[in-house]
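The values are calculated or read from the model by the stated rules, or taken from the named source; none is laboratory data. Since this is a predicted model, take the numbers as computed values, not measurements. Here the Cβ is made from the backbone with ideal geometry for all residues, glycine too, and neighbour counts use every protein chain on show.
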Amino acid sequence: MQTHVALLRAINVSGRNKLAMAELRQIVASLGHAGVTTYIQSGNALFTAADPGEDEARMAEALEAAISRQLGIRPPVVVVSRDGLEQVVQDNPFSLEPNPKAVHAVFLKDTASPDQVLAVATAVARARARGSRDEACVVGRTLYMWTPAGLGRSALAVELNRRTRGSTPAPTGTARNWATVTALRQLLADS
């Protein structure tokens, strides 16, 4: 019974931070986790935790450290439980969007601060001023984005990545499109 998914950020992108999924499975298993499987090449590892009561943040830190030791790269990792992923799906404010690639969930390590939530609202307003229809909102540890023209052409994504001197940056995490989120949910449910 797989109970968690580890979501790695910025691996196998543009030839950087290369990590074969077989290596990722081995590293996750080396931490004592069982039933390790991976989904697509973007760094999604599903597993049953060695200690079911272990804190997700500690599991993420241990996985980051193990990847760093074994491969010399340190991609940020967010670990989400089966129930946590179910909550992400239930909380989706853009659930009526029929195109799953127009909706993204950015999984955050921590709950966004009020200043970070304000930074997201500011980024949305700036993108709107540039003619964008993109939307975003933060619910718990998830930043939801709706980018009808695609994430690669998103003015909102540009604004969220902008660092304005003296202001709190928007929260960062690891993004997955809705097709991936629902596939991971199904894989956890089927295990």
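Figures for the structure shown
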read-out	value
Selected residue (only one of 51, 55 is outside the structural domain of residue 133 (by TED's automatic domain parsing) and under 18 Å from the mean Cα position of the chain (by Cα))	55
Given (1) over 19 Å from the mean Cα position of the chain (by Cα); (2) part of a helix (DSSP H, G or I), number of the condition residue 182 does not satisfy	(1)
Region 165-179: number of residues that are of a type in the set (Val, Ile, Thr) and either part of a loop (DSSP other than H, G, I, E, B) or in contact with a helix residue (DSSP H, G or I) (Cβ under 7 Å, 6 or more places away or on another chain) (or both)	2
Residues of region 83-118 satisfying the condition of being among the charged types (D, E, K, R) and either modelled with pLDDT of 95 or more or within 23 Å of residue 42 (Cβ to Cβ) (or both)	83, 86, 91, 97, 101, 109, 110
Answer from 16, 9, 74 - the residue that is of a type in the set (Lys, Arg) and more than 24 Å from residue 111 (Cα to Cα)	16
